[in-house]
Amino acid sequence: MIFLSSYSQPVSYPSYNTNPLPSDATGVSSNAVQLAAKMHLGINFGNTMVTPEEGVWNSKVTESYVKFVKQKGFNTVRLSVGWVWGHLSDPEKMTIDPVWLNRVKEVVGWCVANDMYVIVNAHADLGWLEDNVNAAMKDSVNAKQKALWEQIATTMREFDEHLIFAGTNEPKVDTPEQMAILNGYHETFIKAVRSTGGRNSYRVLVVQGPYTDPNKTATLMTTLPADNIPNKLILEVHDYTPATFTILTQGDVSWGKMVYYWGAGNHSTIEPERNATGEEETLIDNEFKKIKENFVDKGIPVILGEYGAWKRNVIDNANYLPKDLDKHNQSVDYWTKYVTKQAKANGIIPYYFETGFMFDRANNVVKDQPLLDAIIAGYNQSVSYVTLANRSTNLLMDGMYRFDNGSNAGQYGNSGATAQQWSIETVGSYVMLKNRASNLYLDGMYRNSNGSVVGQYSYSGSDAQYWTRETAGSYVKFKNKATGLYLDGMGTTTNGADLFQWAASNHNNQQWVINTVGNGQTAKMGSMSKDDIAEEPNFSIDFYPNPFSHEFKIEARKSNEPIHVSIFDISGKKVQEAASSSDSKQLLMGASLQPGLYIVQVEGVNSNFSKSFKIIKK
C-alpha cells in the first residue's frame with residue numbers, strides 16, 4: 001500500500017559495510033527463475049512491522065503464526081518492514097536501531113526454519129524515496145539507500161536463498177527520465193547488498209516497477225537495473241484494479257465512486273449505481289498479459305507483491321455498507337479468486353495482502369473462510385484449453401496471433417501453437433470462447449449475412465460473444481446468440497483462411513471436434529513461457545517466446561540428436577535455416593526476419609522426427 005508523508009533528507013551517511021565477507025555461493029545457487037519456481041502461493045504479513053511500535057495495527061508476528069500460515073497453504077511470505085518510521089536510533093546518521101534489526105531477523109529466521117521463502121522490503125518510507133524519484137534528490141536518496149541496505153544485508157547475510165531482499169515498495173515514476181533514476185536507486189540497493197559479501201553476493205533480489213503498476217511497468221521499465229551477478233533479479237508489481245472496488249472504502253471522491261459489486265454474474269439489481277462499469281475481468285487479463293509478454297516470456301520472474309479487496313462489512317464504517325451484502329461479499333471473493341488464478345496462469349507469483357481481516361493473528365484462527373477458499377481455489381484452478389477441429393477439413397480454429405479488437409479469426413492446420421487453443425467459459429446457458437494467445441473472445445461482430453467473417457474482441461459481455469453449444473452426434477456446433485448464425489469452416493482447406501458464419505445446415509462444415517490440450521497451465525511458475533510443440537518418448541521441442549520481437553529460441557529436449565530448422569514465409573519461400581550441434585541443442589533464430597507470420601519446420605538430423613509450427617514476429 002502507499003504511504004504519503006515527508007521526511008528530511010540528509011546528504012550523506014557513514015559506511016555501514018565495515019566487515020565484508022568473501023563471496024559464498026553455498027545455499028544460494030539458484031538463479032531467479034529457478035528460485036521463483038520454488039515459490040508458490042504467497043501472503044503478506046501486512047500492516048504489522050511498518051509502524052513505530054510493532055502491534056499497533058496488528059498483532060505481533062509469532063512463530064506459531066508462521067506455522068499456521070504455512071499450514072493454510074502458503075509457502076512464501078512478503079514481510080513489509082518500516083525502517084525509518086520510529087526505528088532509527090540515530091536519524092542523522094541513518095542508524096537503524098539494532099533491537100529492531102534483530103527483531104526482523106527473528107521473524108525471518110522463523111520463516112526460514114519452517115521452509116518458507118521470505119521477502120524483506122523497505123516499506124512505509126515516509127516518502128524519502130517513493131516521493132523523490134527526481135534529479136534534485138537522487139544523490140541524497142542514493143546515500144540513504146546505501147546506508148539502509150548495508151545494515152539490513154549485513155545483519156541477515158547468513159540466511160540461505162529462502163531470504164530475498166526487495167529494495168523499495170511503490171516508487172512514484174511517470175516518465176522515462178524518472179525511470180532511469182529509479183533504476184539508479186535499484187542499482188544502489190543491489191550494490192549495497194552485494195558489497196556485504198557472504199551469501200549476499202549471490203542472493204536473489206527483487207526490484208519494483210514504477211508505482212508497481214502493471215501498465216506503467218510494461219510501458220516504462222524497458223530494462224532492468226544493472227547487477228554484476230547475472231539472472232538474480234525478480235520484478236515486482238501490485239494490483240488493486242479497480243481501486244474504486246478494492247481500496248476506496250471511505251466514500252466517493254473526485255476521481256471515482258465506490259464500487260461494491262464486481263465481475264460476471266455479481267452485479268446488483270438492488271443497488272445498481274454501485275456496480276462496476278466498463279471492462280472488469282478484461283482489465284485484469286490485459287494487465288497480466290502485458291507483464292507476461294514483457295517480462296515472464298523473456299525469462300524475468302515476476303511477483304504480484306500485493307493484491308486485495310476488502311469486504312465493507314468488516315470495515316468499521318456503517319455509512320458505507322452495501323445494501324446487497326451477500327452479492328458484495330461474493331464479488332470480493334470472486335475478484336480475489338480471479339486475480340489469483342490469472343496471476344498464476346500468466347506465470348506471476350501472487351502474494352495476497354493480508355491485514356488481519358482473513359486471519360486472526362493473535363489466536364491463529366481463520367476469520368474469513370470463503371476468502372481463504374477463494375485464494376486457494378484460484379491458485380489451484382488451472383485454465384483448461386481445447387482445440388476445435390473442423391469435421392470437413394480438419395483445420396483448427398485459430399486466433400492467428402491477432403491481438404487487435406475486431407481482427408478476423410482464422411483456420412489453420414494443427415501446429416500446436418497457443419493461438420489454436422481456446423478456453424470455453426460457461427455463462428448461463430451460453431458459452432464464450434477465449435483465445436489462449438491473445439485473450440480475445442470469439443465474436444460474431446453482429447454480422448448477420450451468410451459467409452460473414454467471425455471476429456475477435458476483448459470481453460464486452462455482448463450477445464455477439466455468446467454461443468449456444470449444440471450436439472451433433474459426436475460433434476458440436478456453435479450458434480451465435482446475436483446473429484443466429486453458426487460457426488462454419490466453409491470447406492476451405494487453405495491455411496490462414498478466415499473463420500465464417502452461416503445459417504443452420506446439416507453440413508460437416510459446421511461441425512467441430514473438441515480436443516483437450518494438456519493441463520491448460522499457461523506457463524510454469526517462474527519460468528519462461530514455452531510452447532511445447534512435440535512430445536514423443538525420445539524427442540521434444542520447445543520454442544519461445546511466441547510472438548517474438550527480435551529472436552526466438554528453439555530447443556530440443558530429451559534427445560541428444562542435433563536438429564535442422566527451416567523457416568518459411570507465408571508464400572512457402574525458405575527464408576532462414578540452421579542446424580544445432582551435438583553439444584548444444586539450442587538455436588536462436590529470427591533476427592533477420594521482417595514482422596509477419598512464418599512456418600518453422602524442425603527435423604531430427606539422424607531420425608525421422610519432423611514437426612512444423614507457426615510463429616509470429618511482431
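Just need a number here: residues in segment 12-68 that are among the β-branched types (Val, Ile, Thr), over 29 Å from the mean Cα position of the chain (by Cα) and under 29 Å from Asp125 (Cβ atoms). Spell out the reasoning first.
Step one: filter segment 12-68 for residues among the β-branched types (Val, Ile, Thr), giving 18, 26, 28, 33, 43, 48, 50-51, 56, 61-62, 66.
Retained after the next criterion (residues that are over 29 Å from the mean Cα position of the chain (by Cα)): 18, 26, 51, 56, 62.
Okay, now just the ones that are also under 29 Å from Asp125 (Cβ atoms), so 18, 51, 56, 62.
Going through segment 12-68 one residue at a time, the tally reaches 4.
Take Asn394 and decide whether it is closer than 30 Å to Ile541 by Cα and either without any contact (Cβ under 8 Å) to a residue 40 or more places away in the chain or surrounded by fewer than 23 Cβ atoms within 10 Å (Cβ to Cβ) (or both).
It is true that Asn394 is closer than 30 Å to Ile541 by Cα and either without any contact (Cβ under 8 Å) to a residue 40 or more places away in the chain or surrounded by fewer than 23 Cβ atoms within 10 Å (Cβ to Cβ) (or both).
Counting just the residues of segment 296-323 that are assigned to a helix (DSSP H, G or I) and either touching a Pro at 6+ places or on another chain (Cβ under 7 Å) or touching a residue at least 40 places away in the same chain (Cβ under 8 Å) (or both), which one comes out surrounded by the fewest Cβ atoms within 10 Å (Cβ to Cβ)?
If we filter segment 296-323 for residues that are assigned to a helix (DSSP H, G or I), which is where we start, we get 296-298, 312-314, 318-320.
With either touching a Pro at 6+ places or on another chain (Cβ under 7 Å) or touching a residue at least 40 places away in the same chain (Cβ under 8 Å) (or both) added as a condition, the list becomes 296-298, 312, 314, 319-320.
Values: Val296: 26, Asp297: 21, Lys298: 15, Arg312: 17, Val314: 14, Asn319: 6, Tyr320: 15.
Residue satisfying both the conditions and the ranking: Asn319.
Okay, residues lined up against (1) within 15 Å of the chain's Cα centre (by Cα); (2) in the same structural domain as Asn44 (by TED's automatic domain parsing); (3) surrounded by fewer than 21 Cβ atoms within 10 Å (Cβ to Cβ):
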{"residue": "Met221", "(1), (2), (3)": "no, yes, no"}
{"residue": "Asn228", "(1), (2), (3)": "no, yes, yes"}
{"residue": "Leu233", "(1), (2), (3)": "no, yes, yes"}
{"residue": "His238", "(1), (2), (3)": "yes, yes, no"}
{"residue": "Leu248", "(1), (2), (3)": "no, no, yes"}
{"residue": "Met258", "(1), (2), (3)": "no, no, yes"}
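Taking Glu551 as meeting all but one of (1) acidic (Asp, Glu); (2) at pLDDT below 70; (3) under 26 Å from Phe288 (Cα atoms), write down the number of the exception.
(2)
Residue by residue through segment 142-178, note down the ones that are farther than 21 Å from Val77 by Cα, touching a helix residue (DSSP H, G or I) at 6+ places or on another chain (Cβ under 6 Å) and among the hydrophobic types (A, V, I, L, M, F, W, C).
If the condition is that a residue be farther than 21 Å from Val77 by Cα, touching a helix residue (DSSP H, G or I) at 6+ places or on another chain (Cβ under 6 Å) and among the hydrophobic types (A, V, I, L, M, F, W, C), then Val173 is the only one that fits.
Would you check which residues across segment 356-387 are assigned to a strand (DSSP E or B) and not charged (D, E, K, R) and list them? Write out each step before concluding.
Of the residues in segment 356-387, the ones assigned to a strand (DSSP E or B) are 359-360, 365-366, 385-387.
Within segment 356-387, Phe359, Val365, Val366, Tyr385, Val386, Thr387 meet the criteria.
So, of the residues in segment 28-77 that are touching a Pro at 6+ places or on another chain (Cβ under 7 Å) and not β-branched (Val, Ile, Thr), which turns out to be nearest to Gln342 (Cα to Cα)?
Among those residues, the one meeting the criterion is Leu41.
Suppose we keep only residues that are at pLDDT 95 or above and of a type in the set (Phe, Trp, Tyr) within segment 11-60. Which one would you say is nearest to Ala309 (Cα to Cα)?
Ranking the qualifying residues of segment 11-60, first place goes to Phe45.
For segment 448-477, which residues satisfy the criterion of being of a type in the set (Val, Ile, Thr) and not in a strand (DSSP E or B)? Quick ask: steps written out before the conclusion?
Restricting attention to segment 448-477, the residues satisfying the condition of being of a type in the set (Val, Ile, Thr) are 453-454, 468, 471, 476.
Val454, the sole residue that qualifies.
Which numbered condition in (1) in contact with a helix residue (DSSP H, G or I) (Cβ under 8 Å, 6 or more places away or on another chain); (2) without any contact (Cβ under 8 Å) to a residue 60 or more places away in the chain; (3) of a type in the set (A, V, I, L, M, F, W, C) is the only one that Val365 fails?
With (1) in contact with a helix residue (DSSP H, G or I) (Cβ under 8 Å, 6 or more places away or on another chain); (2) without any contact (Cβ under 8 Å) to a residue 60 or more places away in the chain; (3) of a type in the set (A, V, I, L, M, F, W, C) applied to Val365, the lone miss is (1).
Quick check: anything in segment 285-295 on the phi > 0 side of the Ramachandran plot and either of a type in the set (A, V, I, L, M) or surrounded by fewer than 19 Cβ atoms within 10 Å (Cβ to Cβ) (or both)? Before you say what the answer is, go through the steps one by one.
Of all residues in segment 285-295, those on the phi > 0 side of the Ramachandran plot come to none.
No, because not a single residue in segment 285-295 is on the phi > 0 side of the Ramachandran plot and either of a type in the set (A, V, I, L, M) or surrounded by fewer than 19 Cβ atoms within 10 Å (Cβ to Cβ) (or both).
Can you pull out the residues in segment 97-129 that are assigned to a loop (DSSP other than H, G, I, E, B) and more than 31 Å from the chain's Cα centre (by Cα)?
First, pick out the residues of segment 97-129 that are assigned to a loop (DSSP other than H, G, I, E, B): 97, 114-116, 121-122, 124-129.
Residue satisfying the conditions is Asp97 alone.
Tell me whether segment 52-62 contains one or more residues that are assigned by TED's automatic domain parsing to the domain that holds His238, more than 30 Å from Met179 (Cβ to Cβ) and among the aliphatic types (A, V, I, L, M). I'd like the intermediate steps shown before the answer.
As a first pass, look at segment 52-62 and keep what is assigned by TED's automatic domain parsing to the domain that holds His238: 52-62.
When the remaining residues are screened for being more than 30 Å from Met179 (Cβ to Cβ), the result is 52-62.
This time we only want the ones that are among the aliphatic types (A, V, I, L, M), so: 56, 61.
Yes; the residues of segment 52-62 include at least one that is assigned by TED's automatic domain parsing to the domain that holds His238, more than 30 Å from Met179 (Cβ to Cβ) and among the aliphatic types (A, V, I, L, M).
Can you find even one residue in segment 487-501 that is of a type in the set (D, E, K, R), touching a strand residue (DSSP E or B) at 6+ places or on another chain (Cβ under 8 Å) and part of a loop (DSSP other than H, G, I, E, B)?
There is no residue in segment 487-501 that is of a type in the set (D, E, K, R), touching a strand residue (DSSP E or B) at 6+ places or on another chain (Cβ under 8 Å) and part of a loop (DSSP other than H, G, I, E, B).
Find the helices (runs of 4 or more DSSP H) located wholly in segment 175-262 whose residues include 3 or more that are closer than 21 Å to Val133 by Cβ, and list them. Step through it out loud before you land on a result.
Numbers: elements: 176-195, 214-220, 243-246.
Helices (runs of 4 or more DSSP H) meeting the threshold: 176-195, 214-220.
This table checks each residue for (1) in contact with a His (Cβ under 7 Å, 6 or more places away or on another chain); (2) in contact (Cβ under 8 Å) with a residue 12 or more places away in the chain.
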{"site": "Phe74", "(1), (2)": "no, yes"}
{"site": "Gly82", "(1), (2)": "yes, yes"}
{"site": "Gly86", "(1), (2)": "no, yes"}
{"site": "Lys93", "(1), (2)": "no, yes"}
{"site": "Asp97", "(1), (2)": "yes, no"}
{"site": "Val104", "(1), (2)": "no, yes"}
{"site": "Trp110", "(1), (2)": "no, yes"}
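Which of the numbered conditions does Met94 fail, given that it passes all the others? Conditions: (1) over 26 Å from the mean Cα position of the chain (by Cα); (2) among the aliphatic types (A, V, I, L, M); (3) closer than 25 Å to Val302 by Cα; (4) crowded, with 22+ Cβ neighbours inside 10 Å.
Evaluating Met94 over (1) over 26 Å from the mean Cα position of the chain (by Cα); (2) among the aliphatic types (A, V, I, L, M); (3) closer than 25 Å to Val302 by Cα; (4) crowded, with 22+ Cβ neighbours inside 10 Å leaves (3) as the failure.
Please indicate, with yes or no, whether at least one residue in segment 126-138 is in contact (Cβ under 8 Å) with a residue 60 or more places away in the chain, in contact with a Ser or Thr (Cβ under 6 Å, 6 or more places away or on another chain) and over 25 Å from Asn31 (Cα atoms). Can you show your working first?
If we filter segment 126-138 for residues that are in contact (Cβ under 8 Å) with a residue 60 or more places away in the chain, which is where we start, we get 126-128, 130-132, 137.
Keeping just the survivors that are in contact with a Ser or Thr (Cβ under 6 Å, 6 or more places away or on another chain) gives 126-127.
Still in the running and over 25 Å from Asn31 (Cα atoms): 126-127.
Yes, some residue in segment 126-138 is in contact (Cβ under 8 Å) with a residue 60 or more places away in the chain, in contact with a Ser or Thr (Cβ under 6 Å, 6 or more places away or on another chain) and over 25 Å from Asn31 (Cα atoms).
Can you confirm whether segment 153-173 contains a residue that is basic (Lys, Arg), outside any loop (DSSP other than H, G, I, E, B) and closer than 26 Å to Pro14 by Cα?
Keep residues of segment 153-173 that are basic (Lys, Arg), which gives 157, 172.
Right, trim to outside any loop (DSSP other than H, G, I, E, B) and you get none.
Within segment 153-173 (the criterion being basic (Lys, Arg), outside any loop (DSSP other than H, G, I, E, B) and closer than 26 Å to Pro14 by Cα), the answer is no, since none of the residues qualifies.
Filter segment 402-422 down to the residues that are part of a strand (DSSP E or B) and surrounded by 19 or more Cβ atoms within 10 Å (Cβ to Cβ) and list them by number. Working first, answer last.
Kept after step one, since they are part of a strand (DSSP E or B), are these residues of segment 402-422: 408, 410-412, 422.
The answer is Gly410, Gln411, Tyr412, Trp422.
Can you name the condition, by its number, that Glu54 falls short on among (1) of a type in the set (D, E, K, R); (2) crowded, with 18+ Cβ neighbours inside 10 Å; (3) not in a loop (DSSP other than H, G, I, E, B)?
Of everything listed in (1) of a type in the set (D, E, K, R); (2) crowded, with 18+ Cβ neighbours inside 10 Å; (3) not in a loop (DSSP other than H, G, I, E, B), Glu54 misses just condition (3).
Write out, first by first residue and then by second, each pair whose Cβ atoms fall under 7 Å of each other, whose residues are 6+ apart or on separate chains, and whose first residue, in segment 210-235, is touching a residue at least 40 places away in the same chain (Cβ under 8 Å) while the second is hydroxyl-bearing (Ser, Thr, Tyr) and part of a loop (DSSP other than H, G, I, E, B).
Going by the 7 Å Cβ cut-off, the qualifying pairs are Lys232/Tyr202.
The values are calculated or read from the model by the stated rules, or taken from the named source; none is laboratory data. Source: prediction; values computed, not measured. Every residue, glycine as well, gets a Cβ built from its backbone with ideal geometry; the counts of neighbours run over all protein chains shown.
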